[in-house]
Amino acid sequence: MISFRSVLIAVVLAGALPSQAGLFSDDEARKSLYDLRAEFLQYKAADEARLTRLETNIDTLQQANNRIQQSLDRLDQAIRNLNLPALQTQLESVSSDVAKLNGSVEVQTNVIEQDQKRNKEFYLDLDSRLRALEKTGGAGAVFPAPNKSGQASDALKSPPGKKDEGVVTAAEGDASASVSSSEIPPKTSNAAASSGPQAVSSAAEQKSYDQAYQAFKASNFVMAVKEFQSFNKTYPRSVLSANAGFWLGVSQYRLKAYSAAETALKAVASQYPDSPKAPDALLNLASVQLDAGNANAAHDSLEELIAHYPASDAAAKAKARLGRK
């Protein structure tokens, strides 16, 4: 492209040539013309170079623009592939599920807290009742076992053998509630202890019993069974043997080890007939036998309880099971 300056110089030279013809010789005129032409060509070359550079820059910018457009197209396609509406729907669904789970956790936590509160109140009440019974020399307390629905049943209504008048499928007498570690039979005299269990428990003996009983109170029945068995083996003639045997049977009952529980409770009733735990052992024995499906044996145990301990609280419960007054 020829610049305006180059054209102007050419016009001026063209107009000036006739007037200069008279002032300069032909050689001088030709020399000036060549110089002007050379200068013109230099300006022309410079302008063409600038134009070439501009065209090159334009091409570079166009290529960069094309690359940016391609990147934008790829980004748009990637966003479309993400399917954001579907992801938003899934996120809302997950959030809803989490909220439901949190609600369920809160409900279960509340249920657990209420159960713990009721159990604590039950244990405290049981402790006080057993202490009162020990002070008066009465028999230990026995409480109904939960049936499959979680409620205590009325248990036995009448002797077996009559159709539709047998025993109910669940049993009372789950002495699974705790008593205090002071739950110890009254101390016997030295004379009475000469042929039976030792009259007073030692510190180590008491500690071993308390350790087993604490496991029972914590509902760790597996550990309670292990500890009570160890106690009976280590202290076979202990004044606490009847109690240990009783809670051993109850722990096994809670673990649904019916055969072992029956053996342990029978041993308490037969080996320690004068213990306050004997009538309770027979009442719980009936519960074990009934849950094990042996209604006849359960009936016999209740009858034995009434016959041997007619004035005990356990006998009154047995009569209620059998439908007697």
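The values are calculated or read from the model by the stated rules, or taken from the named source; none is laboratory data. These figures come from a predicted structure and were not determined experimentally. Here the Cβ positions follow ideal geometry from the backbone for every residue, glycine too, while neighbour counts run over all protein chains shown.
Condition check ((1) touching a residue at least 60 places away in the same chain (Cβ under 8 Å); (2) within 18 Å of S312 (Cβ to Cβ); (3) in contact with a Lys or Arg (Cβ under 9 Å, 6 or more places away or on another chain)) across all residues:
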{"site": "F221", "(1), (2), (3)": "no, no, yes"}
{"site": "F228", "(1), (2), (3)": "no, no, no"}
{"site": "T234", "(1), (2), (3)": "no, no, no"}
{"site": "S241", "(1), (2), (3)": "no, no, no"}
{"site": "S259", "(1), (2), (3)": "no, no, no"}
{"site": "K266", "(1), (2), (3)": "no, yes, no"}
{"site": "L283", "(1), (2), (3)": "yes, yes, yes"}
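Specify which of the listed residues (S128, S104) is assigned to a helix (DSSP H, G or I), at pLDDT 75 or above and small (G, A, S).
Working: S128 fails: at pLDDT 75 or above.
The unique qualifying residue is S104.
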Condition check for A261: over 27 Å from S219 (Cβ atoms) and of a type in the set (G, A, S): no
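Out of everything in region 202-226 that is among the polar types (S, T, N, Q) and closer than 22 Å to R237 by Cβ, what residue ends up being farthest from the chain's Cα centre (by Cα)? Give the derivation first.
Going residue by residue through region 202-226, those that are among the polar types (S, T, N, Q) are 202, 206, 208, 211, 214, 219-220.
Okay, now just the ones that are also closer than 22 Å to R237 by Cβ, so 202, 206, 208, 211.
On the way: S202: 43, Q206: 37, S208: 33, Q211: 28 Å.
It comes out as S202.
Just give me the residues in region 196-214 being assigned to a loop (DSSP other than H, G, I, E, B) and either modelled with pLDDT of 90 or more or under 18 Å from A269 (Cα atoms) (or both), in sequence order.
The answer is G196, P197.
With a cut-off of at least 1 residues that are surrounded by fewer than 24 Cβ atoms within 10 Å (Cβ to Cβ), of a type outside the set (S, T, Y) and touching a Gly at 6+ places or on another chain (Cβ under 9 Å), name the helices (runs of 4 or more DSSP H) lying wholly within region 215-325. Break it down stepwise before answering.
Working: elements: 221-234, 241-254, 258-271, 277-291, 295-308, 313-321.
By residue number, 221-234, 258-271, 295-308, 313-321.
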In region 230-287, the residues that are within 23 Å of Y309 (Cα to Cα) and among the polar types (S, T, N, Q): S241, N243, T263, S270, Q271, S275, N284, S287
The one condition in (1) at pLDDT 50 or above; (2) surrounded by fewer than 18 Cβ atoms within 10 Å (Cβ to Cβ); (3) among the hydroxyl-bearing types (S, T, Y); (4) within 29 Å of the chain's Cα centre (by Cα) that S149 fails to fulfil: (1)
